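What follows is a short report on a single structure.
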Amino acid sequence: FDMGDRAGFTSHRWEMGFMAGDYGGATLVSGFLSRSFNEQLALELTGSQFLGNASNGYAAEIGLAHVFRPDWRLSPLLTLGTGMIWIVPKSTLVLPDDRADQTAYAGAGLRFYVKRRFFVRAEYRHHMVFTSRNENEEINEWKLGLAFFF
């Protein structure tokens, strides 16, 4: 069984991780799965749940991640993608409709190789939520987590 090493961190095909952070003021828990096309470009699937004071919700996203220097122990990356968000307002007076909207995001982050198959990932994403109202919403997301490659 291959325990992984720094060379594997540069040239692996799959990543999986769990992260926690802030999603527009709400507490965020997120997980991702990534499939690399080559050392620098990967397709990512992300699932998230956020818990806020006024509403809770879920997000499912797909996007591309570009790692600039996969051979460095601290690797910068950029992300770009789209997805769906489902918002459930917390209301006790009137039964509100659940909202489902499309999103787009752009972000930046860092990956830091720890040991064997593990690395720490920190990320910022700026989301644009395309609502059915006359105004779109902008949401900032910050998260930090632990991931592994295989």
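Quick rundown of the values:
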quantity: Subset of segment 1-25 (residues that are aliphatic (A, V, I, L, M) and within 15 Å of the chain's Cα centre (by Cα)); calculated: 16, 19, 20
quantity: Where residue 124 falls short, out of the listed (1) more than 15 Å from the chain's Cα centre (by Cα); (2) surrounded by 15 or more Cβ atoms within 10 Å (Cβ to Cβ); calculated: (1)
quantity: Test result for residue 15, under 20 Å from residue 146 (Cα atoms), without any contact (Cβ under 8 Å) to a residue 60 or more places away in the chain, acidic (Asp, Glu) and open to solvent by less than 80 Å² (accessible area, probe 1.4 Å); calculated: no
quantity: Test: residue in segment 84-98 that is outside any loop (DSSP other than H, G, I, E, B), among the small types (Gly, Ala, Ser) and either open to solvent by less than 60 Å² (accessible area, probe 1.4 Å) or without any contact (Cβ under 8 Å) to a residue 24 or more places away in the chain (or both); calculated: no
quantity: Residue satisfying condition, being in contact (Cβ under 8 Å) with a residue 24 or more places away in the chain and over 16 Å from the mean Cα position of the chain (by Cα), within set 40, 102; calculated: 40
quantity: Strands (runs of 3 or more DSSP E) contained in segment 1-69 and holding at least 1 residues polar (S, T, N, Q) and in contact with an Asp or Glu (Cβ under 8 Å, 6 or more places away or on another chain); calculated: 26-36, 41-51
quantity: Residue check for residue 114: under 21 Å from residue 133 (Cα atoms), in contact with a strand residue (DSSP E or B) (Cβ under 8 Å, 6 or more places away or on another chain), assigned to a strand (DSSP E or B) and open to solvent by less than 80 Å² (accessible area, probe 1.4 Å); calculated: no
quantity: The listed residue being open to solvent by 70 Å² or more (accessible area, probe 1.4 Å), modelled with pLDDT under 95 and in contact with a strand residue (DSSP E or B) (Cβ under 7 Å, 6 or more places away or on another chain), out of 35, 6; calculated: 6
quantity: Enumeration of residues in segment 39-60 that are modelled with pLDDT of 95 or more and exposed (fewer than 14 other Cβ atoms within 10 Å of the Cβ); calculated: 41, 51, 60
quantity: Conditions (1) touching a Pro at 6+ places or on another chain (Cβ under 8 Å); (2) within 23 Å of residue 10 (Cβ to Cβ): number failed by residue 45; calculated: (1)
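Residue by residue, here is whether (1) modelled with pLDDT under 95; (2) farther than 18 Å from residue 28 by Cβ; (3) among the charged types (D, E, K, R) holds:
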| site | (1), (2), (3) |
| --- | --- |
| 76 | no, yes, no |
| 88 | yes, no, no |
| 107 | no, no, no |
| 116 | yes, yes, yes |
| 149 | yes, yes, no |
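The values are calculated or read from the model by the stated rules, or taken from the named source; none is laboratory data. In this text the structure is predicted, and so the values were computed from the model without any measurement. FYI the Cβ positions are ideal-geometry reconstructions off the backbone, even for glycines, and counts take in every protein chain you see. Surface areas here come from the heavy atoms of the whole protein model, side chains and all, with no ligands, DNA or RNA. Shrake-Rupley method; radii C 1.70, N 1.55, O 1.52, S 1.80 Å.
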